[in-house]
Amino acid sequence: MALKPNSTDTRTRSSIQIFIVVGLCCFFYILGAWQRSGFGKGDSIALEMTKHSADCSIVPTLNFETHHAGEVGNVDEYEKPKSFEPCHPRYVDYTPCQDQSRAMTFPRDNMIYRERHCPREEEKLHCLVPAPNGYVTPFPWPKSRDYVPYANAPYKALTIEKAIQNWIQYEGNVFRFPGGGTQFPQGADKYIDQLAKVIPITNGMVRTALDTGCGVASWGAYLWSRNVIAMSFAPRDSHEAQVQFALERGVPAVIGVLGTIKMPYPSRAFDMAHCSRCLIPWGANDGMYMKEIDRVLRPGGYWVLSGPPINWRNNYRAWQRPKKELEEEQKKIEEVAKLLCWEKKHEKGEIAVWQKRVNDEACSGRQHNSQANFCKAEEANDVWYKKMDACLTPYPDVSNPEEVAGGKLKPFPERLYAVPPKVASGSVPGVSVETYQGDNEKWKKHVGAYKKINRLIDSGRYRNILDMNAGLGGFAAALDSPKLWVMNVMPTIAEKDTLGVIFERGLIGIYHDW
């Protein structure tokens, strides 16, 4: 049965093609991408709006020109503002630093060619990337989880290649997502139920998840009903629309790959990491990719691996791979997991689950292991375009064997407004408990004002929201709702790195250099 999409949306999409930023009356600044402190003009405007309800006349002199040029200088009042024309329609799928023709010129070793490679200055586009012909407003959540208008991502290849795995189906003028995956053709719900028998997914202790090689992100889509928010990523490859499908569905996702560069997330960020037949060579390069997962995995967090080589004895024929090769692959994974001091909690069928120890006390023996090369603790969050290392990220120090390294977190949603361990311990210079609590109160007032102006904010109409300079995550916390999610961005030029605080609140985010 074909479904009729919403009315045509003729707006030009951003060249980033990733997130919908909420547009509000009066064009005040919710987000200050280039204000290093995280607080700026938008705050004072929002405060005035809070005082005066939704009267847009309170800011009659608001300048609509860009303020992203750095220091304020003299502006010629007669100078015509620069305008950008739409790009040629052939750029409808253009994503900065992800050009396929450029990618193919780089080495294939360790997925280098699938990583970000930005163009030279003279090759950069200075036009507005157009939407696909006939682009329409996406369905509101939760309908968007299961249906995407064909016009918004007109690519049928996956409907043929993944037909028997229930990834995606084409039905008239829409795509339907049954929730299937390569390792869970019967649906993500049943698959997650299996994981929940081992991992405490339903009690709020597992809130943030990382899905490597996510496909169309159905695992993350179905975790949402369990109050778990997943950061999903997949490379831009022959299935170039995978991540675009995920975002059209309203599921958090970014273009990315485990290659030679560290992932753009802080250490101890995720409660759970997941690979479902993601084709990552986990045991290769001295277990470098598993060590990178260990870096971003919270003490006590879980790693799930389903598919090859798990249970290779029973599945090598179905996978059409040599028995010896699979055996060696799993052996290497087990060796790296032992070095990381992960405890294997479960292996059944094609699913294996490991748990990271809560501190280094149970792993003291590895300090004397010749294979245990430790990274510098101060480099754990220094990740933007930094080479991935085959070293072990050290745990923070603890005072007793039961203490959770880095601090124990509250279950979600209590975690959202509890004082994060990084704040309580004074790990972020200049951010005290009082600063944190004051920031929360300020954003509650601001978001209250925004909702008076745009009553569609929590209706399901706006699903993917981008905070370009997230600070302590107060904006996202105040917006918290099952109908939307916020990508919290920490600019690499920010004076204070607060992205770890954001993750400790049970929110998700990413480092980025605008």
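The values are calculated or read from the model by the stated rules, or taken from the named source; none is laboratory data. Predicted model only: the values in this text are computed from it and were never measured. Cβ placement follows ideal geometry from the backbone for every residue including glycine, while neighbour counts extend to all protein chains displayed. These area figures cover heavy atoms from the full protein model, side chains too; ligands, DNA and RNA do not enter into them. Shrake-Rupley method; radii C 1.70, N 1.55, O 1.52, S 1.80 Å.
The table below lists the values:
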read-out: Condition broken by N373, with the remaining ones in (1) within 14 Å of P394 (Cβ to Cβ); (2) open to solvent by less than 60 Å² (accessible area, probe 1.4 Å); (3) without any contact (Cβ under 8 Å) to a residue 24 or more places away in the chain satisfied; value: (2)
read-out: Hits in segment 300-337 (condition: closer than 30 Å to G407 by Cα and touching a strand residue (DSSP E or B) at 6+ places or on another chain (Cβ under 9 Å)); value: G300, G301, Y302, W303, V304, L305, S306, I333, E334, V336, A337
read-out: First in segment 253-265 and outside the structural domain of N110 (by the TED database) and more than 11 Å from R116 (Cβ to Cβ), second anywhere and part of a loop (DSSP other than H, G, I, E, B) and small (G, A, S), Cβ under 7 Å, 6 or more apart; value: A253/A217
read-out: Subset of segment 256-289 (residues that are in contact with a Cys (Cβ under 9 Å, 6 or more places away or on another chain) and farther than 30 Å from G407 by Cα); value: C278
read-out: Residues within segment 462-484 that are out of contact with any Leu (no Cβ under 9 Å at 6 or more places or on another chain) and either in contact (Cβ under 8 Å) with a residue 24 or more places away in the chain or of a type in the set (F, W, Y) (or both), tallied; value: 8
read-out: Residue count for segment 219-232, restricted to those that are buried (at least 21 other Cβ atoms within 10 Å of the Cβ) and either at pLDDT below 95 or in a loop (DSSP other than H, G, I, E, B) (or both); value: 1
read-out: Complete set of residues in segment 277-298 that are of a type outside the set (D, E, K, R), more than 17 Å from the chain's Cα centre (by Cα) and not in a helix (DSSP H, G or I); value: L279, I280, P281, W282, G283
read-out: Lone unmet requirement of (1) closer than 14 Å to Y222 by Cβ; (2) open to solvent by 50 Å² or more (accessible area, probe 1.4 Å) for Y150; value: (1)
read-out: Members of segment 153-177 found to be within 24 Å of Y94 (Cβ to Cβ), among the aromatic types (F, W, Y) and surrounded by 21 or more Cβ atoms within 10 Å (Cβ to Cβ), listed by number; value: F175
read-out: Boolean, A372 is closer than 30 Å to W312 by Cα, in a loop (DSSP other than H, G, I, E, B), modelled with pLDDT under 95 and touching a strand residue (DSSP E or B) at 6+ places or on another chain (Cβ under 8 Å); value: yes
read-out: G134 part of a loop (DSSP other than H, G, I, E, B), modelled with pLDDT under 90 and in contact with a helix residue (DSSP H, G or I) (Cβ under 7 Å, 6 or more places away or on another chain); value: no
read-out: Where A273 falls short, out of the listed (1) open to solvent by less than 10 Å² (accessible area, probe 1.4 Å); (2) at pLDDT 90 or above; (3) in a helix (DSSP H, G or I); value: (3)
read-out: Out of I457, I510, I493, sole residue that is in contact with a helix residue (DSSP H, G or I) (Cβ under 7 Å, 6 or more places away or on another chain) and not polar (S, T, N, Q); value: I457
read-out: In segment 398-448, the residues that are of a type in the set (A, V, I, L, M), in contact with a Lys or Arg (Cβ under 7 Å, 6 or more places away or on another chain) and part of a helix (DSSP H, G or I); value: L416
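Here is a yes/no grid of residues against (1) within 22 Å of P264 (Cα to Cα); (2) free of Cβ contacts under 8 Å to residues at least 40 places away in the same chain; (3) open to solvent by less than 70 Å² (accessible area, probe 1.4 Å); (4) polar (S, T, N, Q):
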{"residue": "K344", "(1), (2), (3), (4)": "no, yes, no, no"}
{"residue": "K387", "(1), (2), (3), (4)": "yes, no, no, no"}
{"residue": "V419", "(1), (2), (3), (4)": "no, yes, yes, no"}
{"residue": "V423", "(1), (2), (3), (4)": "yes, no, yes, no"}
{"residue": "V431", "(1), (2), (3), (4)": "no, no, yes, no"}
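Residues are listed down the side, and each one gets a yes or a no for (1) of a type in the set (S, T, N, Q); (2) under 21 Å from R207 (Cβ atoms); (3) modelled with pLDDT under 95; (4) in a strand (DSSP E or B):
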{"position": "G460", "(1), (2), (3), (4)": "no, no, yes, no"}
{"position": "A476", "(1), (2), (3), (4)": "no, yes, no, no"}
{"position": "N488", "(1), (2), (3), (4)": "yes, yes, no, yes"}
{"position": "A494", "(1), (2), (3), (4)": "no, no, yes, no"}
{"position": "F503", "(1), (2), (3), (4)": "no, yes, no, no"}
{"position": "Y511", "(1), (2), (3), (4)": "no, yes, no, yes"}
